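Nothing in this text is a laboratory measurement; each read-out follows from the coordinates by a stated rule. Computed from a predicted structure; not experimentally measured. Cβ atoms come from the backbone with ideal geometry, glycine included; neighbour counts cover every protein chain shown.
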Amino acid sequence: MNNKINIVLIGFMGCGKTTIGNRLAYKLKYSFIDSDKRIEEEAGISISQIFDTYGEDYFRSLETDIIKKISKVDKQVIATGGGIIKNEQNIIELKKKGIILYLNATAEHIYNNLKNDNSRPLLQVEDKQAEIASILKQRAPLYEKYADIIIDVTDHSVNTTVEGIMMNLGGKCL
Ligand code: S3P
């Protein structure tokens, strides 16, 4: 039996993991889990408040705890936070039951999606566009390294992307 029965979406902030994940879960009749949302529910405060009050390291420890928990459940589409690849342990847990899909977007696409968004603590800087390009440059090799499948989302509608993912998955999940 195929034990890869979760679909895990990784990728930069603003690449569409939550929107695409929700739609994909609906199509596959899987449940949908957003790791950031789960962290907020368990902490009782927003991601921004966690960063402001306790710092990034504390957020990363919460993130790793949540990933460990949600990786154990079957038949889910899991949308992860963009920094999930900073700790390899997260990927090891997610890969136990999951196929890792990297939603690849250009820095321009990401900037367009996030230029009016103030909910990402790492992007509360003067030059958001430059910050996106700089963090993406550091992280892209990790997203690529951990991905089982890479899906290009730049200039594609959510529908087209989801159809592309379904085709790519083929017989890879139940
Ligand atoms: C982060 C991405 C965010 C959230 C936090 C840190 C990151 O999630 O986990 O703000 O380090 O890239 P999204 O990718 O859903 O924005």
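The slack between Ser46 and Gln138, meaning 0.36 nm per residue of separation minus the straight C-alpha distance, is 30.5 nm. Here the Kirkwood formula puts the hydrodynamic radius of the range 18-108 at 13.8 Å, using every distinct Cα pair. The charge dipole of the chain, taken about its Cα centre with unit charges on the Cβ of Lys, Arg, Asp and Glu (plus for the first two, minus for the last two), comes to roughly 840 debye.
Normalised by residue count, the range 57-147 yields a Cα convex hull volume of 106 Å³ per residue. Model label points for Ile92 and Lys37, set 7 angstrom from Cα along the Cα-to-Cβ axis, are 2.9 nm apart.
Each 10 Å bin from 0 upward holds the following percent of the Cα-Cα pairs of the range 1-63: 19, 41, 30, 9, 1.
Dipole of the chain computed with +1 at Lys/Arg Cβ and -1 at Asp/Glu Cβ about the Cα centre; of Val125, Tyr111, Leu24, farthest Cα towards the positive end is Leu24. Along its principal axes, the chain has C-alpha extents of 48, 34, 26 angstrom, given from the largest down. Based on every Cα atom in the range 49-88, Rg and the maximum pairwise Cα distance Dmax equal 11.3, 34 Å.
For the chain, the membrane-span-like helix rule (DSSP H, alpha carbon extent of at least 20 Å along the helix axis, mean Kyte-Doolittle at least -1.0) picks out 56-70, 128-146; this says nothing about an actual membrane. Over the C-alpha atoms of the range 87-127, the Rg to Rh ratio, Rh being the Kirkwood estimate, stands at 1.12. For the listed peptides 107-119, 65-77, a ranking on the average number of other beta carbons within 10 Å per residue, highest first, reads 65-77, 107-119.
Rg/Rh for the range 99-174 stands at 1.03; both radii use Cα atoms, and Rh follows the Kirkwood definition.
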